[in-house]
Amino acid sequence: MSDLRALAIGDYTEVKYHPFAGVDRELEAILSPDFQVECTEDYGLLNKEKLAACKLIVAYTEFLDDPLPPEQSGALLSYVAGGGGLLAIHNGISLQRNQELGGMLGGYFTHHPAYTALQMKIPAREHPIMQGMEEFVIEDEPYYFDMQPHFKTTVLAEYLHDGAMRPAAWCHEFGLGRVVYLMPGHHLPSFSVEPFRQMIRRGGLWAAGLL
């Protein structure tokens, strides 16, 4: 078993839309044996000492009303800027409720139309995360985003919806670290789609600087 640690944060109790139960087991299965995955809803673990022991942070954080306390958002921001990896999946974009973390993510969720079948295109086939991957269909929520202006990111996957191509996954460096965002993941069936599973695994490896 790998001695590299990944901390995955979601919500089990105060859940509006996306319970972590079940998704946590999928993440463990996908990211092992590359990482030892610890799944938690304890946001207090976003502290300098705990993060220093981790190679990767996975965010499946719920759209709660309140932003993270500054000591937690600051610790996560410093962790990534200092060389850590962040993989945010679907509702993990909710870290945007902290302005500084929204800036680091590179895009802001605005809304989503109705759940539907989405045809995923691969505009970055040569990127290490997407190498060898073909287009695929996934049933999920079509999130809409406002991408950060003057911010360089690589769109890994996109989909056509309401007459426009829209980003579904992207990645970039942030300071000495790396950030990956993957839009799918609304519910457990999404995690059974093999191309998406590969994006999670390879996205985690790339964010951690291992790919």
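Throughout, read-outs are computed from the coordinates displayed, never taken from laboratory work. The model shown is predicted, which means the values in this text are computed figures rather than measured ones. Quick reminder, even Gly has a Cβ in these numbers, built from the backbone with ideal geometry, and neighbours come from all protein chains shown.
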**Complete:** Along principal axes, largest first, the alpha-carbon spread of the stretch 127-211 in whole Å comes out as 34, 29, 23
**Prompt:** What spacing in nm lies between the two simple spin-label points modelled at Gln99 and Gln148, each 7 Å away from Cα in the Cβ direction?
**Reply:** 1.4
**Message:** Can you return the lysines within cross-link range of Lys121? Criterion is Cα-Cα under 24 Å, with same-chain partners fewer than 8 residues away left out.
**Reply:** Lys152
**Item:** ³J(HN,Hα) computed for each position of the stretch 99-107 - Karplus, 6.51 cos²θ - 1.76 cosθ + 1.60, integer Hz, glycine/proline x
**Value:** 3, 5, 6, x, x, 5, 5, x, x
**Phe63 paired with Ala29, simple spin-label distance in nm, labels 7 Å along Cα-to-beta-carbon** = 2.7
**Extension reserve of the Thr116-Thr13 stretch, reckoned as 0.36 nm per residue once the Cα distance is removed** = 34.4 nm
**Request:** With 10 Å bins from zero, work out the P(r) of the stretch 87-133 over every alpha carbon pair and list the percent per bin.
**Result:** 21, 36, 39, 4
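Mind putting a number on the dipole of the chain about its Cα centre? Charges go on the C-beta only, +1 for Lys and Arg and -1 for Asp and Glu, and I need it in Debye to the nearest 20.
That gives a dipole near 600 debye.
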**Item:** Separation of alpha-carbon centers, the stretch 47-103 and the stretch 186-211, rounded to whole Å
**Value:** 18
**Asked** Which cross-chain or sequence-distant (5 or more) residues have an amide H under 5 Å from the amide H of Ala8, H modelled 1.01 Å from N in plane?
**Response** Glu38, Cys39, Thr40, Val58
**Fill in**
Among (1) 42, 38, 27; (2) 46, 40, 33; (3) 46, 37, 36, the value of Cα extents along the principal axes in Å computed for this structure carries the label (3)
